[in-house]
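First up is the structure itself, then whatever we jot down about it.
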Amino acid sequence: MKVNEYNGNKWLLKGKKEDFFNLFIVLLVSIAFVFTDWTIGIVTLSDYLLGLVLLLLILSRNLSITKAQAIGLIAYIAILLANIYSNYLWNQEFHFNAGIAGLIRTTFYSIVVVGTYNFIKSKQLEGVLLQKSNLIAVIVCAIGVYITIAIYTDGLLPYHFFWYWTRQDLLSYAFNENINWIRTRSIFSEPSYLGYYLNIVLGMNYFNQSGIKIKKIYSIIITITILLTFSYSAIGIMLLQQILYFWKEYRTKKFHWHPSILIGAAAMFIFGYIFWDTIYETIVVRSLDIISGEDLSAFFRIFGSWRYVNKEHLFMGNGIGNTPAIWNVYAYILSDLGVVAFSLSIIFTIWILMKNIELGILFIALNFQKGGYLGPSFWLFLLFLFVYVGHKQGKIPKEN
């Protein structure tokens with residue numbers, strides 16, 4: 001009897017340790033998403049956290065990669081190596097060190113994404129990941145509101161310590177450097193990047209096909225905070241998601257009246273009343289400027305990013321990591337890696353649209369809002385897409 005009790009306690013303790021480990025990995029991934037703009041040395045804090053995730057998966061023997069995934073990773077690395085080698089031989093403007101750095105970064109991110117995806121699926125942690133991500137997002141929202149209030153109180157409340165590892169300049173939070181129009185950016189380097197992150201969490205809440213339901217209060221808080229960013233692109237994508245969500249609910253006949261709808265509408269009305277002056281300057285006036293052609297930022301975001309495409313090296317591109325910072329991920333890939341990688345990115349986008357049209361539209365929209373495929377935020381977005389795009393919990397599809 002004592003032996004049975006001992007064995008039972010032993011397995012119970014093992015189970016608790018495993019649950020704690022699983023939760024710790026999920027929290028690390030969720031937290032890594034909010035520190036993508038905190039630069040320490042030459043890398044971000046997110047890179048350190050993702051490195052810790054990879055190390056823990058290896059040490060705990062939880063890092064698994066299927067044969068199909070291994071072949072895909074090898075092919076991916078081979079394409080990058082071929083790109084670097086061809087640019088080294090025939091492109092005199094190619095910076096070799098930047099190319100090697102890009103290879104290392106993307107290889108690291110791809111292994112982390114595949115390994116973490118398999119771990120989450122095998123342990124059926126989709127629900128836990130989304131719940132903790134929402135909790136972290138709400139904390140980020142609260143910090144953002146606190147910082148905004150602190151700025152409006154003219155420094156009566158401390159807040160600069162939140163920005164120690166990122167930007168602190170006036171332009172990063174005040175519209176046109178006007179201290180009367182504060183845009184919430186929380187611990188991100190600018191408001192649009194906060195909106196980028198929150199729109200991803202909101203999209204997973206609305207359009208995941210894993211059967212996970214998140215309390216509506218989380219989505220309401222996230223939506224209000226996106227409005228507080230006064231980021232034209234972030235608010236536009238948020239409104240697009242709201243339209244897609246209500247259309248999806250109506251189409252599937254799942255729409256039911258809920259008190260949260262009234263709460264959300266009341267919150268929007270109060271928000272509009274309180275911040276009307278800021279809304280007018282940052283949204284209404286800017287919309288009129290874009291329509292009249294005075295504000296060309298939207299034009300450059302959509303079309304101007306393609307100006308770095310090198311027609312002389314269209315097939316192999318400028319080389320990975322050799323294109324200046326631009327807003328459009330698709331233009332980035334074509335400029336850096338050439339037509340082969342660009343074609344693969346289009347095929348990948350079509351695949352997402354076929355699996356989950358709402359998340360596919362979100363993927364396209366966010367790729368025009370924030371450029372860069374060499375940073376952790378893009379790869380964490382990919383991880384969330386793979387987890388929630390359309391597969392049921394606990395399954396690792398062979399085609400991935």
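The values are calculated or read from the model by the stated rules, or taken from the named source; none is laboratory data. Here the structure is a predicted model, which is why all the values come from computation and not from measurement. Heads up, the Cβs are rebuilt from the backbone with ideal geometry, glycines too, and the neighbour counts pull from every protein chain shown. These area figures cover heavy atoms from the full protein model, side chains too; ligands, DNA and RNA do not enter into them. Shrake-Rupley method; radii C 1.70, N 1.55, O 1.52, S 1.80 Å.
Structure notes:
- Dipole magnitude of the stretch 86-198 about its Cα centre (Cβ charges: Lys, Arg +1; Asp, Glu -1), debye to nearest 20: 460
- The magnitude of the dipole of the chain, with charges of +1 and -1 set on the Cβ of Lys/Arg and Asp/Glu and taken from the Cα centre, is near 1940 debye.
- The accessible surface of the chain, taken with every protein chain in place and a 1.4 Å probe, is 68 percent carbon and sulfur.
- Rounded if a/c under 1.5, otherwise prolate or oblate - the stretch 131-255, Cα gyration tensor axes: prolate
- At 1.002 mPa s and 20 °C, Stokes diffusion of the stretch 75-152 via Kirkwood alpha-carbon radius, µm² per second: 131
- In this structure, residue 59 and residue 164 have a Cβ-Cβ separation that, at R0 = 35 Å, corresponds to a calculated FRET efficiency of about 0.70.
- Per residue, the chain exposes 51 Å² of accessible surface when a 1.4 Å probe is rolled over the protein heavy atoms with every protein chain present.
- Legend: calculated FRET efficiency, residue 353 to residue 81, from the Cβ-Cβ distance at R0 = 30 Å, rounded to 0.05, equals 0.50.
- Rounded, prolate or oblate (a/c below 1.5 giving rounded, otherwise prolate when a/b exceeds b/c) for the stretch 327-374 by Cα gyration tensor: oblate
- When the chain is reduced to its Cα atoms, the Kirkwood hydrodynamic radius in Å: 22.8
- Relative to the Cα centre, the charge distribution of the stretch 131-255, modelled as +1 at Lys and Arg Cβ and -1 at Asp and Glu Cβ, gives a dipole magnitude of about 820 debye.
- Pair residue 213, residue 274: separation of 7 Å Cα→Cβ label points (nm): 3.0
- Gain on full extension, evaluated as 0.36 nm per residue between residue 97 and residue 23 minus their Cα-Cα distance, stands at 22.9 nm.
- For the stretch 131-255, with +1 on Lys and Arg beta carbons and -1 on Asp and Glu, the positive-most of 221, 234, 174 along the dipole: 221
- Cα gyration tensor, the stretch 13-104 - rounded (a/c under 1.5), prolate or oblate: oblate
- The residues packed around residue 163, meaning those with a beta-carbon under 10 Å from its beta-carbon, carry a net charge of 0 if Lys and Arg are +1 and Asp and Glu are -1.
- Using the average count of surrounding beta-carbon atoms within 10 Å as a protection proxy, the listed peptides 87-98, 195-206 rank, highest first, as 195-206, 87-98.
- Rounded to whole Hz, the Karplus (6.51, -1.76, 1.60) HN-Hα couplings of the stretch 47-64, x for glycine and proline: 4, 4, 5, 5, x, 5, 4, 4, 4, 5, 5, 5, 5, 8, 6, 9, 8, 10
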